[in-house]
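Heads up: the structure comes next, in structure tokens.
Here, each number is a calculation from the coordinates, and none is a lab measurement. Model, not experiment: these values are computed from the prediction. Cβ atoms come from the backbone with ideal geometry, glycine included; neighbour counts cover every protein chain shown.
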Amino acid sequence: MPGKNLSREEAQQRAGVLAVDGYLVRLDVTSAPDPAAATFRSTTTITFRCSQPGAGTFLDLLAPAVRSVTLNGRELDPATAYDGARVHVDGLAAENVLTVEADCAYSRTGEGLHRFVDPVDGETYLYTHYEPADARRVFANFEQPDLKAPFTFTVTAPAAWDVRSNAAHEAVHTEGGTRTWEFAPTAPISTYLTAVVAGPYHVVNDHYSRELPDGTALEIPLAALCRKSLAPHFDAEEILGVTKLGLDFFHEEFDYPYPFGKYDQAFVPEYNIGAMENPGCVTFKEEFVFRSKVTDAAYEARANVVLHEMAHMWFGDLVTPRWWDDLWLKESFADFMGSYALIGARTRYSSAWVTFANQRKAWAYRQDQFPTTHPITADIRDLEDAKLNFDGITYAKGASVLKQLVAYVGSEAFFEGARRYFKRHAFGNTELGDLLDVLEETSGRDLKSWAAAWLQTAGVNALTPQVTTDAEGRITELAVLQDGEVPRPHRIAVGLYDRDADGALLCTERIELDVTGARTVVAEAVGRRRPDLVLLNDEDLTYCKIRFDADSLETLRTGLGDIRDELARALAWSAVWNLTRDGLMPARDYVALVLRFAGQEGNIGVLQSLHAQSKTAVDLYAAPEWRAEGARKLADGALNELRAAVPGSDHQLAWARFLAQTAGGAEHLGLVRGLLAGSARIDGLEVDQELRWSLWLALAAAGQATDEELAGELAGDNTAGGKRQYTQCLAARPTPEAKAAAWSAVTDSDELPSALVEANSAGFAIPAQRDLTALYAAPYFKLLERVWAERTIEIAMRIVSGFFPIAQTNEQTLAEADAWLDGHPQAAPALRRLVLERRDDLARALRAQACDRV
Ligand SMILES: [Zn+2]
């Protein structure tokens with residue numbers, strides 16, 4: 001499709017000659033409840049100026065039909081003006097009014113205006129999602145972040161519906177069965193940030209107010225929305241409570257009043273991502289409305305996302321990156337603020353930095369070691385590049401580097417820089433230099449070389465302690481070795497840990513210093529008795545992989561769980577996982593550490609990571625001949641810890657889920673069936689709906705769930721969530737027919753929403769069923785280009801990643817991946833990137849297996 005993939009040069013050119021004064025967008029979605037209606041009417045009127053009268057330009061629009069195009073009263077022929085992706089206009093005046101009337105399509109992929117029908121009550125729900133460039137699926141516009149303008153939306157919908165947009169509504173007219181909502185003009189915002197949410201949503205209203213420094217009152221109406229059928233599970237008070245704490249916190253830290261009027265938070269079905277920061281109308285995935293018991297880690301994750309999106313109201317919405325190269329300018333900040341504010345705003349989630357060290361950084365380390373990694377400030381040539389850059393670098397590494405920046409310049413300089421940045425660039429667009437300017441002003445430091453090392457260079461350094469001692473065991477030298485292509489300046493703390501009389505490992509000395517270059521001597525450590533454990537990057541100030549000297553590693557093998565400090569322990573867990581991934585610690589040794597110490601792990605989020613990682617260790621990193629034994633050990637460990645866990649605790653639930661994921665032998669599966677049937681009980685463990693599905697998945701994967709049983713479970717839970725779980729169970733059955741059905745459901749039809757594509761791939765690709773799925777490796781590589789060409793990028797990304805034959809850990813599959821890459825140099829760069837990354841996962845698994853085999 002010509003022009004569908006907007007390039008940076010085209011965007012620069014367009015912004016060079018145009019300035020947009022405003023959009024008037026009319027949408028008529030009264031047809032939405034009719035499943036036969038594929039489209040809705042969309043009319044855009046744009047008022048804009050052109051600095052080169054007589055020139056031409058184009059609007060972006062992805063629509064089945066364009067009805068009319070009118071420029072300054074002149075009718076253009078849509079047949080010639082519209083090429084399927086762009087509306088071309090020429091002969092611009094200095095001041096222009098352009099109206100485009102189109103029929104736009106309801107989406108089933110979460111891109112554009114998504115339509116969902118609730119299986120519980122048949123109600124229809126709509127919401128939009130655009131980032132980076134899908135507003136053009138809903139209305140004609142200049143789809144680039146630096147052509148900001150006020151938007152005035154008018155939406156006609158069924159009369160019984162609630163309709164929300166970025167701004168509050170000013171008037172509502174009811175006529176027959178329909179109702180028209182007229183919204184106030186927004187502040188100047190980018191196209192990707194506009195939003196509409198429409199349907200018979202359940203709404204909980206609240207209010208926030210505070211006195212501003214000038215004595216005036218700031219009033220922010222709050223609302224939280226979800227589907228009606230989820231309302232019984234909707235803990236809106238908890239969400240709104242975090243919201244108010246966050247508004248207090250950001251007003252204090254940012255010193256710039258919330259600029260977008262009201263604040264709605266809508267939890268919407270079949271959402272492709274966690275949440276989106278539409279000003280005044282944030283959208284979240286509705287899985288954040290918990291239908292069954294979840295652990296506190298899930299509540300913390302949700303609160304983190306609430307605060308992440310709120311931080312975006314300033315970082316991203318008020319001040320917006322000029323182009324997607326600087327996506328990090330908003331995402332790294334919001335990601336950092338999500339954790340920072342959990343503590344700063346005094347929510348109950350005081351272990352936010354433990355979670356950050358444990359989970360966000362794992363994401364960053366993984367991404368940063370792919371051959372496709374990139375500097376935090378990226379080179380984004382076009383929209384397909386942009387789409388793939390919502391990754392572990394832009395979010396988690398960027399946030400990690402901001403944490404390091406705070407350690408480097410101090411939090412006062414950092415936040416004073418943010419305050420100046422908002423005031424200076426309000427409602428505008430920025431690039432890296434604009435941020436460095438304010439930070440240099442407030443810190444008094446030259447940040448050019450810091451930025452070059454941290455923001456403009458890819459890759460992760462490993463820091464290793466080198467300890468030499470004299471005959472009495474006193475340190476004669478402690479040095480920090482830094483590897484990696486580019487040594488960076490790191491502000492770090494070195495923790496020296498010793499056992500106390502009770503065997504606990506406690507920090508007995510903390511040394512903070514700057515590490516630069518390949519070798520840095522820690523002078524303060526000289527003369528001290530050699531500690532039991534040297535922990536580099538204690539407190540997790542910098543972004544690096546931590547290694548250990550041989551004696552410290554031995555201390556961890558016998559006593560990792562004895563580290564009392566929660567964050568230090570999480571760092572040790574993270575470090576031994578990195579050793580395992582890097583083929584420096586045998587997978588079976590890592591599994592042994594988990595089996596020995598996970599039962600003592602107090603942090604529920606860390607425990608759940610240990611579960612996931614030890615399962616990956618067995619499935620992918622263990623030598624094949626040890627896999628069965630490793631799997632049995634995990635299942636036995638899960639069962640023991642489940643029986644030992646405190647009744648009703650989060651830990652008990654986590655171990656129950658882990659048992660479901662690892663159950664293989666008769667004893668484990670017997671208990672699983674007993675729990676489902678009610679004939680077996682674990683004191684305090686409530687077998688609620690989500691846990692039931694986890695247990696059914698174990699039975700299905702073992703070939704011990706009949707079609708009737710699974711259908712019966714779905715009949716009792718005929719919901720969106722139930723449908724997803726049921727689909728995964730069907731795909732997980734260990735038969736050639738089940739695998740063929742899952743494969744075909746995804747590849748032969750484009751009817752499935754992304755949630756069901758994921759459910760099929762998750763069930764299909766169970767590693768232990770590698771013999772059954774082996775024959776799909778060759779068809780997978782044949783399929784790639786067609787999938788990329790025919791599907792929307794959201795769906796294509798899920799298919800390419802989810803069906804990659806990762807469980808076929810052998811040289812032949814690696815060769816097949818290489819053959820595809822060698823044979824398709826001209827394939828879309830974004831597709832090549834995904835295949836390269838999965839190929840790298842596979843090569844890593846082979847290296848880890850070689851380490852485990854010795
Ligand atoms: Zn974000």
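What GluC sites (Glu not before Pro) does region 1-91 have in DSSP loop regions with at most 10 other beta carbons within 10 Å?
Counting only loop positions with at most 10 other Cβ atoms within 10 Å, none of the GluC sites (Glu not before Pro) in region 1-91 qualifies.
Please express the Cα-Cα pair-distance distribution P(r) of region 55-143 as a list of whole percents, one per 5 Å bin, running from 0 to the bin with the greatest distance.
3, 14, 22, 19, 14, 11, 7, 4, 3, 1, 0
Please list the equivalent ellipsoid semi-axes of region 1-198, computed as the square roots of five times the alpha-carbon gyration tensor eigenvalues, in descending order and whole angstrom.
That gives 29, 17, 16 Å for the three semi-axes.
For a protection proxy built on the mean count of beta-carbon atoms within 10 angstrom, sort 614-627, 288-301 highest first, please.
Result, highest mean first: 614-627, 288-301.
How would you classify region 468-512 from its alpha-carbon gyration tensor, with a ≥ b ≥ c the square roots of the eigenvalues: rounded for a/c under 1.5, else prolate if a/b is greater than b/c, otherwise oblate?
It is oblate, given that a/c is not under 1.5 and a/b is not larger than b/c.
Starting from the Cα gyration tensor of the chain, multiply each eigenvalue by 5, take the square root, and state the resulting semi-axes largest first in whole Å.
The three semi-axes for the chain are 44, 34, 27 Å.
Put a dot 7 Å past each Cα toward the Cβ at Glu431 and Lys448; how far apart are the dots in nm?
The modelled label-to-label distance comes out at 1.5 nm.
To the nearest 20 debye, what is the magnitude of the charge dipole of region 63-206 about its Cα centre, counting +1 on the Cβ of each Lys and Arg and -1 on the Cβ of each Asp and Glu?
100 debye
Using only the Cα atoms of region 688-766, construct the convex hull and provide its projected area averaged over every direction, in square nanometres to one decimal.
Average of the hull's projected areas for region 688-766 equals 4.7 nm².
Dipole of region 774-839, Cα-centred, from +1 at each Lys and Arg C-beta and -1 at each Asp and Glu C-beta, to the nearest 20 debye?
The calculation lands at about 200 debye.
Taking 2.2 N^0.38 Å as the expected size of a compact globular protein, what ratio does the Cα radius of gyration of region 461-582 give against it, to two decimals?
Dividing the Cα radius of gyration by 2.2 N^0.38 Å gives 0.99.
Could you work out the mean projected area of the convex hull around the alpha carbons of region 1-111, in square nanometres to one decimal?
One quarter of the hull surface, i.e. the mean projection, equals 7.6 nm².
Pick out, from Ala105, Val69, Thr128, the residue whose Cα sits farthest towards the positive end of the charge dipole of region 1-139, with +1 on the Cβ of Lys and Arg and -1 on the Cβ of Asp and Glu.
Positive-most Cα among the choices belongs to Val69.
Grab every C-alpha pair in region 383-509, bin the distances at 5 angstrom width from 0 up to the longest one, and report whole percents.
Percent of pairs per bin, in order: 2, 8, 13, 16, 16, 13, 11, 8, 6, 4, 2, 1, 0, 0.
Which values of log₁₀ I(q)/I(0), to two decimal places, follow from the Debye formula for region 241-335 at q = 0.18, 0.19, 0.24 Å⁻¹ with a uniform point scatterer at every Cα?
Result of the Debye calculation: -0.86, -0.95, -1.35.
Averaging sequence separations of C-alpha pairs under 8 Å and six or more residues apart, then dividing by the length of region 1-198, give the relative contact order as a whole percent.
This gives 23 percent for region 1-198.
Return the ratio Rg/(2.2 N^0.38 Å) for region 320-456, where Rg is computed over Cα atoms only.
Normalised Rg, Cα atoms only: 1.04.
Quick check on the chain: helices-only [θ] at 222 nm, where DSSP H runs of length 4 and up contribute -39,500 (n - 2.57) each and the sum goes over total residues. Nearest 500, please.
My calculation for the chain gives -13000 deg cm²/dmol from helical runs alone.
Which order, highest average first, do 557-568, 140-151 follow once you tally other Cβ atoms within 10 Å for each residue and take the mean per peptide?
The peptides rank, most packed first, as 140-151, 557-568.
How big is the gap, in Å, between the Cα center of region 474-495 and the Cα center of region 708-727?
54 Å
If you put +1 on each Lys and Arg Cβ and -1 on each Asp and Glu Cβ, how big is the dipole of the chain around its Cα centre, in Debye rounded to 20?
960 debye
Per residue, what volume in Å³ does the convex hull of the Cα atoms of region 773-825 enclose?
72 Å³
Fewest to most neighbouring Cβ within 10 Å: what's the order for Lys782, Lys285?
Lys782, Lys285
Taking the dipole about the Cα centre of region 377-517, with the C-beta of Lys and Arg at +1 and of Asp and Glu at -1, give me whichever of Val401, Ile511, Ala386 is farthest to the positive side.
Ala386
With axes computed from alpha carbons, what is the tilt in degrees of helix 707-716 against the longest principal axis of the chain, rounded to the nearest 10 within 0 to 90?
Roughly 60 degrees between the two axes.
Roughly how many Å is it from the Cα centre of region 326-370 to that of region 33-95, as a whole number?
The two parts, judged by their Cα centres, are 41 Å apart.
Along the charge dipole of the chain, which of Leu18, Gln812, Val306 sits closest to the positive end, that is, farthest toward it, with unit charges on the beta carbon of Lys, Arg, Asp and Glu (+1, +1, -1, -1)?
Gln812
Which value results when the Cα radius of gyration for region 93-163 is divided by 2.2 N^0.38 Å?
Cα-based Rg divided by the globular estimate yields 1.35.
Distances over 18 Å make up what percent of all Cα-Cα pairs in region 584-687?
It works out to 45 percent of all Cα pairs.
Distance check, please: which entries in Lys361/Lys739; Lys330/Lys387; Lys4/Lys148; Lys293/Lys397; Lys4/Lys262; Lys148/Lys403 exceed 24 angstrom between their Cα atoms?
Among Lys361/Lys739; Lys330/Lys387; Lys4/Lys148; Lys293/Lys397; Lys4/Lys262; Lys148/Lys403, the Cα-Cα distance tops 24 Å for Lys361/Lys739; Lys293/Lys397; Lys4/Lys262; Lys148/Lys403.
Ranked highest first by the average count of other Cβ atoms within 10 Å around their residues, in what order do 258-266, 839-847, 654-662, 520-528 fall?
654-662, 258-266, 839-847, 520-528
Based solely on C-alpha atoms, express the radius of gyration and the Dmax of region 112-245 in angstrom.
16.6, 51
With 10 Å bins from zero, work out the P(r) of region 396-458 over every alpha carbon pair and list the percent per bin.
Once binned at 10 Å, the Cα pair distances of region 396-458 give 21, 57, 22, 0.
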